[in-house]
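These notes are about the structure you will find just below.
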Amino acid sequence: MQNNTFSTLFIGQNLIKLKEVDSTNNYLKKMVSNSDPLPEGTVIMADNQFAGRGQQDRVWQTEAGKNISASIFLKPSFLPLKKQFYLNIAVSLAIAKALSAFLPDAVKVKWPNDIYYNKRKLGGILIENTLTGVIIKSAVVGIGININQANFSADLSQKATSVFQILQKETVLERIIEKIFVYMEKYYLNLKSGDYGFLQKEYLENLLNFNVKANYSQNGHVFEGCIKGVEDDGPLIMEIDGKTKVFNFKEIEYTHKLNT
């Protein structure tokens, strides 16, 4: 464990750096399961994460030493189960705001928790909660962000981007990490104070395609819809042909394909 000089109260003050690990989330979850209590805000970071996971156990590909692969330990026992999506909102906003400070255009959140820049994926989030009854005992927040990676595999080259590709120069990882921790603490404390209205407003303002018509696909069918909001527990509210429809996670995908 290492003490740090981040300008935060608790996030990142206890930082554990690893050369290589299968998954920072897995590593942190094992630590949480041990008998010794971990301080809230503990962060696990790895130079190389060789089996990183995204949503629905999708593989997160990353080049060793080039990107941010980290997991943060939080104890949001104050958060009602029906509002647990607000933790996702707080983390998504923190990353989007932090990255926007380094890039020429604003970074957006693609519902529910992907980080996008000019319609290409810059990063993603995986939150794994541990429940005790109806209480969220702990949360492991995994983040993966493409920073200094110059190239991606053929199947990702048109979908993914990195800070390096945008700026055409390398950025010191620690500068971005500190900015993320500062914003994450800010939004987490907003969450702790129950300021759901503020978080909802900020999330929609930074949501990709909010109030904008765009193409989506569901089971291979491409349709045009307009995002109108997000429910407290996470489902997406969309207007399609003048009618309101609600979609759960992974029911639809954003697509660049035109409806033909």
Interchain or long-range residues, amide H under 5 Å from I68's placed H: I145, I147
- prompt: Considering amide H positions built from the backbone, and no H for Pro or chain starts, which residues 5 or more places from N48, or on another chain, come under 5 Å of its amide H?
  reply: E20, V21, G65
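Taking Cα pairs under 8 Å and at least six residues apart, what relative contact order does the stretch 30-159 come out at, in percent? Can you show the working numbers first?
Values: 205 pairs, mean separation 34.4, N = 130.
Taking the mean separation of contacting Cα pairs over the length of the stretch 30-159, I get 26 percent.
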message: If I take all pairs of Cα atoms in the stretch 190-232, what percentage of them are more than 13 Å from each other?
response: 61
Folded to 0 to 90 degrees: helix 196-205 orientation relative to the chain principal axis, Cα: 60
statement: In degrees, nearest 10, the alpha-carbon axis of helix 24-33 is tilted away from the dominant principal axis of the alpha carbons of the chain by 60
- prompt: From the backbone phi of the stretch 125-134, what are the Karplus-calculated ³J(HN,Hα) couplings (6.51 cos²θ - 1.76 cosθ + 1.60, θ = phi - 60°) in whole Hz, Gly and Pro given as x?
  reply: 10, 9, 10, 10, 8, 10, 9, 10, x, 9
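For the chain, what is the accessible area per residue in Å² when the probe is 1.4 Å?
Numbers: 12770 Å² over 260 residues.
Using a 1.4 Å probe on heavy atoms only, each residue of the chain averages 49 Å².
So what is the relative contact order for the chain, in percent, with contacts set as C-alpha pairs under 8 Å and at least six apart? Mind showing how you got there, number by number?
Values: 526 pairs, mean separation 43.2, N = 260.
Relative contact order for the chain comes out at 17 percent.
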Degrees separating the helix 85-100 axis from the principal Cα axis of the chain, which is the longest one: 90
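Calculate what fraction, in whole %, of the accessible area of the chain sits on carbon and sulfur atoms when a 1.4 Å probe is rolled over the protein chains.
On the way: 6240 of 12770 Å².
Carbon and sulfur: 49 percent of the exposed surface of the chain.
The values are calculated or read from the model by the stated rules, or taken from the named source; none is laboratory data. Note that the structure is predicted; figures quoted are calculated from it, not measured. SASA here: full protein model, heavy atoms, side chains in, ligands and nucleic acids out. Shrake-Rupley method; radii C 1.70, N 1.55, O 1.52, S 1.80 Å.
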